Amino acid sequence: MSEIDKLEAGEWFNFGAPEIAYRKLRAATLAQEFNAIPENQPERQEAKAREILGAAGKNLVIHSQFNFDNGKNIYVGDNFLANYNLTVLDVGEVHIGNNVWIGPNTDIYTVNHPLTAAGRHKRLAKVEPVTIGNDVWIGGKVTITPGVTMGDNVVVAAGAVVTKDVPDNSLVAGVPAKVIRTLTE
């Protein structure tokens with residue numbers, strides 16, 4: 001089984017393997033190209049973002065700096081807005097719904113490493129997808145960890161570290177993030 005096969009099967013894989021390293025190098029090149037586009041050229045930014053992403057709906061806005069591990073594993077819906085300094089470690093898939101706003105300096109991770117030194121010496125990693133529902137607002141400096149599923153109509157307070165699934169209609173905050181209250185219209 002190749003390292004890519006292991007990755008896609010959700011098993012431990014060697015992130016230093018040539019086929020994995022190639023994906024990251026390709027992504028780094030695309031990120032540099034995207035981040036070199038001036039902010040006063042949003043049409044060029046959108047076109048480059050569409051080249052990077054696996055899929056994107058209408059009304060796509062991503063500001064620079066935008067960093068990612070693959071790009072093609074990121075799928076966003078309509079009316080997507082990402083403020084400055086978004087990092088998506090999309091070794092695994094990231095699915096983001098419609099009408100999602102992401103604040104500045106936010107990180108979304110799909111990859112994790114072993115807790116053992118021996119596993120880290122072997123350069124092992126494992127992916128778990130991240131899913132973000134519709135009508136979600138993620139505040140600035142939020143971290144979303146591997147395997148998290150966020151429901152619809154969720155607000156994540158600035159600075160939160162989301163380590164567990166978030167139900168629909170929730171305001172979450174803190175480190176680790178916890179449901180503060182249910183949202184109603």
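Take Glu19 and tell me if it is open to solvent by 50 Å² or more (accessible area, probe 1.4 Å) and either small (Gly, Ala, Ser) or over 21 Å from Thr87 (Cβ atoms) (or both). Reasoning before the result, please.
Numbers: open to solvent by 50 Å² or more (accessible area, probe 1.4 Å): yes; either small (Gly, Ala, Ser) or over 21 Å from Thr87 (Cβ atoms) (or both): yes.
Criteria met by Glu19.
Could you list all residues from the stretch 156-176 that are open to solvent by 10 Å² or more (accessible area, probe 1.4 Å) and closer than 24 Å to Gln65 by Cβ?
Ala157, Ala158, Gly159, Val161, Val175 - these are the residues of the stretch 156-176 that are open to solvent by 10 Å² or more (accessible area, probe 1.4 Å) and closer than 24 Å to Gln65 by Cβ.
If the requirement is being open to solvent by less than 40 Å² (accessible area, probe 1.4 Å), closer than 22 Å to Ser170 by Cβ and either free of Cβ contacts under 8 Å to residues at least 60 places away in the same chain or among the hydrophobic types (A, V, I, L, M, F, W, C) (or both), which of these qualifies: Ile62, Ile52, Ile96, Ile74? Spell out the reasoning first.
Details: Ile62 fails: closer than 22 Å to Ser170 by Cβ; Ile52 fails: closer than 22 Å to Ser170 by Cβ; Ile74 fails: closer than 22 Å to Ser170 by Cβ.
Every option except Ile96 fails the conditions.
Hey, any hits in the stretch 94-113 for a residue that's in contact with a Phe, Trp or Tyr (Cβ under 9 Å, 6 or more places away or on another chain), part of a strand (DSSP E or B) and of a type in the set (Gly, Ala, Ser)?
Looking for residues that are in contact with a Phe, Trp or Tyr (Cβ under 9 Å, 6 or more places away or on another chain), part of a strand (DSSP E or B) and of a type in the set (Gly, Ala, Ser), one finds none in the stretch 94-113, hence no.
Could you tell me how many of the residues in the stretch 22-49 are buried (at least 17 other Cβ atoms within 10 Å of the Cβ) and under 21 Å from Asn105 (Cα atoms)? First the steps, then the outcome.
If we filter the stretch 22-49 for residues that are buried (at least 17 other Cβ atoms within 10 Å of the Cβ), which is where we start, we get 23, 27, 30-31, 34, 37, 45, 48-49.
Now drop any that are not under 21 Å from Asn105 (Cα atoms), which leaves 27, 30-31, 34, 37, 45, 48-49.
Result for the stretch 22-49: 8.
What's the total number of residues in the stretch 146-155 that are open to solvent by 30 Å² or more (accessible area, probe 1.4 Å) and not hydrophobic (A, V, I, L, M, F, W, C)? Spell out the reasoning first.
As a first pass, look at the stretch 146-155 and keep what is open to solvent by 30 Å² or more (accessible area, probe 1.4 Å): 149, 152-153, 155.
Still in the running and not hydrophobic (A, V, I, L, M, F, W, C): 149, 152-153.
Residues that pass the stated criteria total 3.
Quick one: in the stretch 11-57, which of the residues that are assigned to a helix (DSSP H, G or I) and small (Gly, Ala, Ser) is farthest from Asn134 (Cα to Cα)? Spell out the reasoning first.
Of the stretch 11-57, the ones assigned to a helix (DSSP H, G or I) are 18-35, 42-52.
Checking which are small (Gly, Ala, Ser) leaves us with 21, 27-28, 31, 47, 49.
Details: Ala21: 33, Ala27: 26, Ala28: 29, Ala31: 26, Ala47: 23, Ala49: 20 Å.
In this case the residue turns out to be Ala21.
The values are calculated or read from the model by the stated rules, or taken from the named source; none is laboratory data. Quick caveat, the model's predicted, so the values are computed rather than measured. Note: ideal-geometry Cβ built from the backbone for every residue, glycine included; neighbour counts use all protein chains shown. All accessible areas refer to the heavy atoms of the entire protein, side chains included, with ligands and DNA or RNA removed. Shrake-Rupley method; radii C 1.70, N 1.55, O 1.52, S 1.80 Å.
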